[in-house]
Structure formats: structure tokens, C-alpha cells
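The structure that follows is given in the form of C-alpha cells.
The values are calculated or read from the model by the stated rules, or taken from the named source; none is laboratory data. Here the structure is a predicted model, which means the values were calculated and not measured. Note that we place each Cβ from the backbone using ideal geometry, even for glycine, and neighbour counts take in every protein chain shown. The area values use the complete protein model at the heavy-atom level, side chains included, leaving out ligands, DNA and RNA. Shrake-Rupley method; radii C 1.70, N 1.55, O 1.52, S 1.80 Å.
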Amino acid sequence: MTARLVVLVSGAGTNLQALLEACADPAYGAQVVAVGADRPDIAGLVRAEAAGVPTFVEQVRDHPTREAWDEALTGAVAAHRPDLVISAGFMKILGPRFLDRFTVVNTHPALLPAFPGAHAVRDALAYGVKVTGCTVHFVDSGVDTGPIIAQEAVPVRWHDDEDSLHERIKEVERRLFIDVVGRLVRNGWTVRDDRHVSMKCKTCKPE
């Protein structure tokens, strides 16, 4: 069976593009059935439309309260019956109604739990770490606090600034993100003690 993915974006949509290209291979096991955004006129929506994928926009300012926006976003995503929701650079915190309804996967440009939030690369450089990286995790009600699915390290070079380090993290992040989403949809997963994620392998022998 092919898993149905709804992808949420807020900007350029480079991870979305990588996911669309991966889904073009039937062996990947997933299809992007819709792309949603929190604002119009962004490159991520253009990428989706070029690929023939339906799009929708739910802006917070178009609703009287944040709770009303959460309800509207939940309804818009539910209309496409996703098996997974993918946050690919979506810059809004998802509300309780949404998270109660869907399983959401996100990427973050740091080795969580270190450096959560919107300025992870800047914070890592300011702290003087020698190694940072990227994390793929499930989304919960906190800020980058959900169960960690996979991580990969990226060394910090002595001459790095925020832009150069972020670009190298993005290269690793995109590859890890595509690999993890594919493994999740093909093989499934389990979460133990609300924290420890294991991606199942249908062809592996039990340990």
C-alpha cells in the first residue's frame, strides 16, 4: 500500500521538493496528496503546483483565535486523509486539536535536545560546540521536544558562519529526512515509554 502524505510548508520547500522526487519512485511507498501552507505566494506552493499536487493555505490572521486556526488547519488536512503529516519547514506551532488527530514528523537543524527553537544553528555557533547536526522527530505539544526518530552529526568548522554551517546541515538533513520518512511508511514504527522510537524492519529477524 502507498502511504498518503500531507506536507506543511512555510517557505522555499526544498525538503518538499526532495520528498516529491522520492515519491516518484513507486518503491518509496508514499505519495504526497496535498501541500498546505500558513501563507500564500511562497515557493513551496509553486513546487507543489508544478508537480500537480493540490494545495491549500490557512493563515492565522484569517481566524479570530489561534484555536480557530488550529481547527481550520485540522479540517483542511483531514480532507486529504493522510497517513502521516510532514512538517517541512512549517514555522507555526501546531495546536492540540491537530496533534490529537495526526502523527506529524518534523526536521530540526541541531542534535536535540540541544538548541531547540528557531535559531538552532546560530545558538550552536554561539555556544562554541564542535559538533552539531540534524534531528528527525515526531511532533508533540512542546517546541522540538517530541520523540527522536533519527539523528546525524555535522562537524562545525573553525571558519563556519551561520550560513555556511546551515547549508551543510541542510544537505545531511534532506538525505536523512527522505530516508526516515520512507522507512516509516514502508516498515512502520513503535514508540516505547513515550520517548524511544524504533523503526520496524519487516525483513529483519527479531533480536
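Applying the selection to region 145-183, what residues are open to solvent by less than 40 Å² (accessible area, probe 1.4 Å) and among the hydrophobic types (A, V, I, L, M, F, W, C)?
149, 150, 154, 156, 165, 169, 172, 176, 177, 178, 180, 181
Then there is this: Being outside any helix (DSSP H, G or I), at pLDDT below 95 and out of contact with any Leu (no Cβ under 6 Å at 6 or more places or on another chain), is that true of even one residue in region 178-188?
yes
Then there is this: Go through (1) modelled with pLDDT of 95 or more; (2) under 30 Å from residue 164 (Cα atoms); (3) hydrophobic (A, V, I, L, M, F, W, C) for residue 91 and report which single condition fails.
(1)
For region 53-82, which positions are open to solvent by 90 Å² or more (accessible area, probe 1.4 Å), among the charged types (D, E, K, R) and not in a helix (DSSP H, G or I)?
Answer for region 53-82, where residues must be open to solvent by 90 Å² or more (accessible area, probe 1.4 Å), among the charged types (D, E, K, R) and not in a helix (DSSP H, G or I): just 81.
Right, something else. State yes or no: is residue 96 at pLDDT below 95, open to solvent by 40 Å² or more (accessible area, probe 1.4 Å) and either over 23 Å from residue 170 (Cβ atoms) or hydroxyl-bearing (Ser, Thr, Tyr) (or both)?
Yes; evaluated as a whole, the condition is true for this residue.
Within region 12-26, can you find the residues that are part of a loop (DSSP other than H, G, I, E, B) and either buried (at least 18 other Cβ atoms within 10 Å of the Cβ) or charged (D, E, K, R) (or both)?
Scanning region 12-26 gives 13, 25.
Suppose we filter region 134-144 for residues that are exposed (fewer than 14 other Cβ atoms within 10 Å of the Cβ) and either among the small types (Gly, Ala, Ser) or touching an Asp or Glu at 6+ places or on another chain (Cβ under 9 Å) (or both); how many remain?
2
Can you give me the number of residues within region 29-60 that are in contact with a Pro (Cβ under 6 Å, 6 or more places away or on another chain) and free of Cβ contacts under 8 Å to residues at least 24 places away in the same chain?
Looking only at that region, the number is 1.
Out of the residues in region 111-136 that are touching a residue at least 40 places away in the same chain (Cβ under 8 Å) and within 14 Å of the chain's Cα centre (by Cα), state the one that is farthest from residue 184 (Cα to Cα).
134
Scanning for something under 27 Å from residue 22 (Cβ atoms), buried (at least 20 other Cβ atoms within 10 Å of the Cβ) and in contact with a Ser or Thr (Cβ under 9 Å, 6 or more places away or on another chain), does region 190-207 turn up at least one residue?
Checked against the condition, which is being under 27 Å from residue 22 (Cβ atoms), buried (at least 20 other Cβ atoms within 10 Å of the Cβ) and in contact with a Ser or Thr (Cβ under 9 Å, 6 or more places away or on another chain), region 190-207 yields no hits at all.
Scan 36, 29 and give me the residue that is open to solvent by less than 40 Å² (accessible area, probe 1.4 Å), at pLDDT 95 or above and on the phi > 0 side of the Ramachandran plot.
Sole residue among the options that is open to solvent by less than 40 Å² (accessible area, probe 1.4 Å), at pLDDT 95 or above and on the phi > 0 side of the Ramachandran plot: 29.
Could I ask something else about it? Any residue in region 10-28 that's in contact (Cβ under 8 Å) with a residue 12 or more places away in the chain: show its pairings with residues that are β-branched (Val, Ile, Thr) and surrounded by fewer than 17 Cβ atoms within 10 Å (Cβ to Cβ) at Cβ separation under 8 Å, as long as the two are six or more apart or on different chains.
13/46; 26/2
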